[in-house]
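Student: This is the structure I want to talk about, given as structure tokens.
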Amino acid sequence: MLVTLIMGFSCGLPLLLTLGVLQAWLKEENVDLSVIGFVTLVQIPYSWKFIWAPFLDRFTIPLLGRRRGWLLITQVLLICAIALIGFSNPAENFRMMIIASILTAFFSGTQDTLVDAYRREDLPDNELGLGSSLYIYGYRMGMLLASGGGLILADHMPFSKVYFLMAACMLPCVLTTILAPEPVAAKGTPETIRKAVVEPFMEYFRRNDAVLILFFIVLYKIGDSMASAITIPFYLDIGFSKTEIGTVVKIFGTSAVIAGALAGGVLMLHIGINRCLWIFGFLQALSTGCFAILAKTGHNILALTSVITFENISSGMGTAAFVAFMASITNKKYTATQYALLSSLMSLPRVLASAPTGFFAKHMGWECFFVTCMLVAIPGILLLLKFAPWNMKV
């Protein structure tokens, strides 16, 4: 559980370095809002990681093992990619910044795949819910350090130095990888490239409702993803300073997410994953709509705190149930590939659906935009009627 917590931190730290923090840097350099929205496309590697995941299942790095060997190499390259963003500047070498951001997303997505596989193989089925909650706890702490701490530091030092500091913060995670135990590989793991590439997908698509589950994974958090993709420019636009954003939205908000994730883990033990998916899905959609209220209220710390608390608690609960659900339907023989497929689809809305959010917000207005994000979440919730009915406690 401790290793799961620290590995969650290592996965959460890089994410917002190519989203919120990068958006704030671009906004400060007066980059157009529509361009800022489309810069989220640098996160496409998060949605493509299932392509190279079979190689992680097939090959083993000497000494450290199949999971830790790849993880160590990936983390070292990730540190270099984050530092490379710091050497770039949107005003002088925008192309270099985009390339460095894509590399960061690539190595970060690969790290996510390896950590997800490690967690699935290391924890028994009855501990996946709590393990997922602790993973999200660590994940959010990493996001907190990167976004909340990064934005506060950016008020007192150049963004380039912020990225150098974030790269250095990955070093304890490298040490954890070296010291952590290697999970026992399941019998029947792929011995050839063909088996590593073909069999995980064949095994998954033989199941009932396999395609429907993929649609659910794409749609369940799409509204939440669209709204969160453009929130930093939104907060700045209605008058909040970077320090206020870093303090309330990131530091205080992350505490709410952690509380939600832990509460979600406990609730799953008592009422099951299926019922939690229903409850948390409705709460996620409702909390997204509350941003429209904040848009109308304007610069008001109390309103910001209330909306962020509600949204982050529900998001933490929803993510805990979502991650536990995806882990529970993977086969341990092909953990990296199957989980990468599912988590790639999970990240797809954050990348593709989020890309035009700046354009939509600019032409629809903030209030209408957030109401639309709330309504977009409904189809994903309705899909639960098919394969996760309320009365089936799973």
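Please treat every number below as a calculation from the coordinates, not as lab data. If you're wondering where the values come from, they're calculated on a predicted model, not measured in any experiment. Glycine also receives a Cβ, built like all others from the backbone with ideal geometry; neighbour counts cover every protein chain displayed.
Student: Subtracting the Cα-Cα distance from 0.36 nm times the residue separation, let me have the gained length for Ile378 to Lys187 in nm, one decimal.
Tutor: Working it through step by step, the gained length comes to 64.7 nm.
Student: Would you kindly work out the equivalent ellipsoid of region 68-199 from its C-alpha gyration tensor and give its semi-axes, the square roots of five times the eigenvalues, largest first in whole Å?
Tutor: So the three semi-axes of region 68-199 are 32, 19, 12 Å.
Student: Ok, one more. Provide Rg over Rh for region 2-59; use the alpha carbon set for both Rg and the Kirkwood Rh (inverse mean inverse pair distance).
Tutor: 1.13
Student: Report, ordered by chain and residue number, the aspartates and glutamates lying within cross-link reach of Lys242, taken as a straight Cα distance under 15 Å and ignoring same-chain residues fewer than 8 apart.
Tutor: Excluding near neighbours in sequence, the set is Glu28, Glu29, Asp155.
Student: Right, next: Sum up the charges of everything whose Cβ sits under 14 Å from the Cβ of His299, counting Lys and Arg as +1 and Asp and Glu as -1, but leave His299 out.
Tutor: That works out to 0.
Student: State which stretch of the chain is the longest one without any exposed trypsin sites (Lys or Arg not before Pro), exposure meaning a DSSP loop state and at most 15 other Cβ atoms within 10 Å. Present the calculation step by step, with values, prior to reporting the outcome.
Tutor: Details: sites that count: Lys187, Arg206, Arg207, Lys393.
By the stated rule (loop sites, at most 15 other Cβ atoms within 10 Å), 1-186.
Student: Between Asn208 and Ala263, what's the calculated FRET efficiency when r is the beta-carbon distance and R0 is 30 Å? Round to 0.05.
Tutor: 0.45
Student: For all pairs of alpha-carbon atoms in region 1-140, what percent lies in each bin of width 10 Å, listed from the first bin to the last filled one?
Tutor: 12, 38, 32, 15, 4, 0
Student: Let me ask something else about it. Once the other residues with Cβ under 14 Å from the Cβ of Lys362 are scored (Lys, Arg +1; Asp, Glu -1), what is the net sum?
Tutor: Charge balance near Lys362 sits at -2.
Student: Per residue of region 54-69, in order, report the coupling 6.51 cos²θ - 1.76 cosθ + 1.60 (Karplus, θ = phi - 60°) as ³J(HN,Hα) in whole Hz, putting x for Gly and Pro.
Tutor: Running phi through 6.51 cos²θ - 1.76 cosθ + 1.60 with θ = phi - 60° gives x, 5, 6, 6, 7, 9, 10, 7, x, 6, 7, x, 5, 8, 5, x Hz.
Student: Tell me, what does the Kirkwood hydrodynamic radius of region 247-342 come to in angstroms if you use every pair of distinct C-alpha atoms? Please report the intermediate quantities before stating the final value.
Tutor: Values: mean 1/r = 0.0695 Å⁻¹.
Evaluated over region 247-342, this radius sits at 14.4 Å.
Student: Take region 2-387, drop everything but the C-alpha atoms, weight them equally and run the Debye formula without solvent; then report log10 I(q)/I(0) at 0.07, 0.09, 0.12 Å⁻¹ to two decimals.
Tutor: Here the Debye-derived log intensity ratios amount to -0.28, -0.48, -0.88.
Student: Rounded, prolate or oblate: which fits region 234-293 when a ≥ b ≥ c are the square roots of the eigenvalues of the alpha-carbon gyration tensor, with rounded for a/c under 1.5 and prolate only if a/b beats b/c?
Tutor: oblate
Student: So, one more: When the helix-only estimate is applied to the chain (DSSP H runs of n ≥ 4, each -39,500 (n - 2.57), divided by the residue count), what is the mean residue ellipticity at 222 nm, nearest 500 deg cm²/dmol?
Tutor: Theoretical 222 nm ellipticity from helices: -22000 deg cm²/dmol.
Student: Whole angstrom only: what separates the Cα centroid of region 280-336 from the Cα centroid of region 19-67?
Tutor: Spelled out, the Cα-based centre of one part sits 21 Å from the other.
Student: So what is the relative contact order of the chain, in percent, for Cα pairs below 8 Å that sit 6 or more residues apart?
Tutor: 29 percent
Student: Sticking with this one: Rounded to the nearest 20 debye, what is the charge dipole size of the chain about its Cα centre when +1 sits on each Lys and Arg Cβ and -1 on each Asp and Glu Cβ?
Tutor: 780 debye
Student: Return the distance in nm (one decimal) between the two label points of a simple spin-label model at Val35 and Met1, each offset 7 Å from Cα along Cα→Cβ.
Tutor: Those two pseudo-labels are separated by 4.9 nm.
Student: To continue, here is another question. Grab the Cα-Cα distance for Val198 and His270, subtract it from 0.36 nm times how many residues apart they are, and report the gain in nm with one decimal.
Tutor: Value of the extension gain: 22.2 nm.
Student: For region 2-387, build the charge dipole from Cβ charges (+1 Lys, Arg; -1 Asp, Glu) around the Cα centre, then report which of Gly148, Gly12, Val115 sits farthest towards its positive end.
Tutor: It is Val115, whose Cα lies furthest towards the positive end.
Student: Sorted from fewest to most neighbouring beta carbons within 10 Å, what does the list Asp122, Asp224 look like?
Tutor: On the way: Asp122 19, Asp224 26.
By the 10 Å Cβ count, ascending: Asp122, Asp224.
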